[in-house]
Amino acid sequence: MLFNLSQKKLVFASLFSAAILILLTWLVKTSPALQNFDNQALAFFAQARCPFSNAFFRAITFLGDEKTLITTTVLLSVVFYFYKKMAYYVLFIGMMIGSSAFVYLLKDFVMRPRPSLIAPVITETSASFPSGHAALSVVFYGLIAYLFARRSKNEQTQKNIAAVWILVFILIGSSRLHLGVHFVSDVIAGYATGFFWLSLGILLFEQLISEETPWWKKCWNKMKQR
């Protein structure tokens, strides 16, 4: 589970996520086969639409909306600041601002148009790749799950928290596909972006509050002694 990984494994998780994101970015820019797959997947999800599912996923997608998450982040940060939880304050503000800015920059770089072969349920005007909803839901709800799991000493409770987190971001990503505003590769890239920032955030947070020497500094000191 991501919340219990060692610092070295967190570094690996962030690098692995970055590698997936780089690969998908390259494929989106160069591969007609990926676009064909995305179009077929888009048609598949569109077949499941009905008034109930449309209303359900409209509500779900609201949970991953940038305005919703940024507003909630600000409110949480005020609470953290009031209770002098400065490490939590820095963690949430830093990761949400960083991941949001990164998503915007990548959207502007790739400039992938939104799906248009099948009429979407809702209208979006920004670029399609990567999915900001997918990325920010992984980061925001992942940070909340991490802080709750960190306070719990019960392994089963930690697993339950992780399961709820996974369910939430999968539903949010699925809502973007069902509503027809993203391709599958957009959502996967959003997840990769989110995992990169979440892994990085947890790694930096653990080093910030830890009294032990960071593993990378230990390795550096050993290299200097040789």
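The values are calculated or read from the model by the stated rules, or taken from the named source; none is laboratory data. Here the structure is a predicted model, which is why all the values come from computation and not from measurement. As a convention, Cβ positions derive from the backbone with ideal geometry for all residues, glycine included, and neighbour counts pool all protein chains shown.
Things worth noting here:
- Residue within the range 31-54 that is surrounded by 13 or more Cβ atoms within 10 Å (Cβ to Cβ) and closer than 30 Å to Glu206 by Cβ present: no
- Checked against (1) in contact with a Gly (Cβ under 9 Å, 6 or more places away or on another chain); (2) in a loop (DSSP other than H, G, I, E, B), Leu91 passes all but a single condition, namely (2).
- Considering Ala163, Ala134, Ala87, the condition of being over 25 Å from Leu23 (Cα atoms), in contact (Cβ under 8 Å) with a residue 60 or more places away in the chain and of a type in the set (A, V, I, L, M) is satisfied by Ala87 alone.
- Arg49 fulfils the conditions (1) under 21 Å from Ala119 (Cβ atoms); (2) under 23 Å from the mean Cα position of the chain (by Cα); (3) charged (D, E, K, R) except for a single criterion, (2).
- Of residues in the range 147-206 being outside any helix (DSSP H, G or I) and not hydrophobic (A, V, I, L, M, F, W, C), the one surrounded by the fewest Cβ atoms within 10 Å (Cβ to Cβ): Lys153
- Annotation note: Cβ proximity below 6 Å between a residue of the range 92-106 that is closer than 18 Å to Ile202 by Cβ and a residue that is crowded, with 17+ Cβ neighbours inside 10 Å and not aliphatic (A, V, I, L, M) (sequence gap 6+ or interchain) occurs for Phe92/Thr73; Phe92/Ser77; Ile93/Ser77; Met95/Trp197; Met95/Gly201; Met96/Thr73; Ser99/Trp197.
- Residue within the range 62-80 that is surrounded by 11 or more Cβ atoms within 10 Å (Cβ to Cβ) and farther than 21 Å from Tyr146 by Cβ present: yes
- Enumeration of residues in the range 59-85 that are outside any helix (DSSP H, G or I) and modelled with pLDDT of 90 or more: Leu63, Gly64, Asp65
- Boolean, Ala149 is farther than 21 Å from Gln40 by Cβ and at pLDDT 95 or above: no
- Residues of the range 118-177 classified as hydrophobic (A, V, I, L, M, F, W, C) and within 20 Å of Asn54 (Cα to Cα), total: 12
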